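All remarks here apply to the structure that follows.
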Amino acid sequence: MKLLQNWYLAQTKTNSLIYDEYQNAILQQLDIFITNFSSRGFFARLLSSPDMLGIYIYGDVGCGKSMILDELFRQIPEKQKTRIHFHQFMSDIHQKLANLKDQEAPLDVIAKELRQKYRIIFLDEMHVSDIATAMILKNLLLGLFKYEVYIVTSSNFAPNQLYPDGLMRERFLGAIELIQQKLQILKLNSNRDYRLQHNTHNMLFIINISKSHDKLTYLFNKFAADNQIINDDEIIIQGRPIWYVKKSAHIIWFKFDIICGENRSQLDYLELSSKFDYIIIEDIEPVKAKDIARRLTWLVDILYDNRKKIILSATCGVGQIYVKGEFAIEFSRTVSRLIEMQTQEYLTQQSLESIAL
């Protein structure tokens, strides 16, 4: 079975993709995975438990991991499947835990419920940055693997590089060991950033331009396209108010120091992404604080995965927002995604349909 390799070669022949030997090598491995996964019928699952229960693909920013994950999701012949960003997945898990706070072994209950819906779960961009996720990931994975739920995930980091320098990281090491034991680890060696290949950039990023506020106003009015405009007010997100400059039905405008400078979480950004198609961020400046850079990374990741659009103004290029500090290596992914989010290719993409957990 060469579903992925045949698709890839067809795409490269029409110049829709640039041939990359490292991508092709990964696709060969994934075609084998599809064959093995598909061959495990009902009776085989009754008689034995598989040693490996999924795939972990890691590699540099922009090397094609998400594209490969997307196509594997489309091609694998399984109806009980879902694809979701890792941030969104863990947000849903934490919400379920809150609802099961009086339940014994709640993570096992959650894993069993997930198995009733899905045989395989695709998680894009596994990245552990908060202690709440770090402390529960091992037991969550234990439950999922116990009920033979397959996990296919991508990451910018090798498993042993997850949650670097995190608080109480020694308690996270069991999750790393479990990933290494139960998932086939595949490294995508390509050092190209394909997001930099696009050359059809839009005009939604206003970089170091005078009268940027006027230009943002023009773009806001262009995309608002209705009379339901509210100025200088607050929106309640996750039970807390956030001040905004303007809001309409599908677009909202924030100052950078409000949306990323204040103490916001991934849950805030997930809720905003579910409510609006366009997010305006005004007055981005070079950042020195790691926490602000991390919040911008969360926001960009969530908007990117949901194919939402960013309009921004900045006093510097996106590559100069955060260049020094302990978060700088991770922030390179954010720069790469912001570069891609300027392109017409990105703007014309549609969100992948995923099933709610």
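The values are calculated or read from the model by the stated rules, or taken from the named source; none is laboratory data. Keep in mind that this is a model prediction, so the values were computed, not measured. Counting neighbours? That spans all protein chains shown, and the Cβs are built from the backbone with ideal geometry, glycine included.
Report whether or not Thr297 is surrounded by 19 or more Cβ atoms within 10 Å (Cβ to Cβ) and either under 17 Å from the mean Cα position of the chain (by Cα) or over 30 Å from Ala158 (Cβ atoms) (or both).
yes
Anything in the range 53-67 that is assigned to a loop (DSSP other than H, G, I, E, B) and modelled with pLDDT of 90 or more? List them, or say none.
Leu53
Which ones in the range 246-279 are over 21 Å from Ser129 (Cα atoms) and surrounded by fewer than 19 Cβ atoms within 10 Å (Cβ to Cβ)?
Selection gives Ala249, His250, Lys255, Asp257, Ile258, Ser274, Lys275, Asp277.
Determine the pairs where a residue that is closer than 22 Å to Phe86 by Cα, located within the range 303-328, has a partner that is part of a loop (DSSP other than H, G, I, E, B) and at pLDDT 90 or above with Cβ atoms under 8 Å apart, the partner being 6 or more residues away or on another chain.
Lys308/Phe276; Lys308/Asp277; Lys309/Asp277; Ala328/Tyr322
Only one of these conditions is not met by Ser155: (1) surrounded by fewer than 21 Cβ atoms within 10 Å (Cβ to Cβ); (2) under 22 Å from the mean Cα position of the chain (by Cα); (3) modelled with pLDDT under 95. Which number is it?
All conditions pass for Ser155, except number (1).
Kindly indicate whether Glu170 is of a type in the set (Asp, Glu) and at pLDDT below 90. Working first, answer last.
Numbers: of a type in the set (Asp, Glu): yes; at pLDDT below 90: no.
The answer is no for Glu170.
Failed condition for Thr297, given (1) over 23 Å from Thr133 (Cβ atoms); (2) in contact with a Phe, Trp or Tyr (Cβ under 8 Å, 6 or more places away or on another chain), with all others met?
Only one criterion in (1) over 23 Å from Thr133 (Cβ atoms); (2) in contact with a Phe, Trp or Tyr (Cβ under 8 Å, 6 or more places away or on another chain) is unmet by Thr297, namely (1).
Out of the residues in the range 311-326 that are touching a helix residue (DSSP H, G or I) at 6+ places or on another chain (Cβ under 6 Å) and buried (at least 19 other Cβ atoms within 10 Å of the Cβ), which is nearest to Gln88 (Cα to Cα)?
Once the filter is applied, the top-ranked residue is Ile311.
Let's see how each residue does on (1) touching an Asp or Glu at 6+ places or on another chain (Cβ under 9 Å); (2) part of a loop (DSSP other than H, G, I, E, B):
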{"residue": "Tyr244", "(1), (2)": "yes, no"}
{"residue": "Ala249", "(1), (2)": "yes, yes"}
{"residue": "Leu267", "(1), (2)": "no, no"}
{"residue": "Lys288", "(1), (2)": "no, yes"}
{"residue": "Val300", "(1), (2)": "no, no"}
{"residue": "Tyr304", "(1), (2)": "yes, no"}
{"residue": "Tyr322", "(1), (2)": "no, yes"}
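Can you name the residue in the range 211-263 that is among the hydroxyl-bearing types (Ser, Thr, Tyr) and within 27 Å of Ala289 (Cβ to Cβ) and, of all such residues, is modelled with the highest pLDDT?
Within the range 211-263, the match that is modelled with the highest pLDDT is Tyr244.
Would you please name the residue that is farthest from the chain's Cα centre (by Cα), looking only at residues in the range 116-134 that are surrounded by fewer than 17 Cβ atoms within 10 Å (Cβ to Cβ) and at pLDDT 95 or above?
Across the range 116-134, the extreme among qualifying residues is Gln116.
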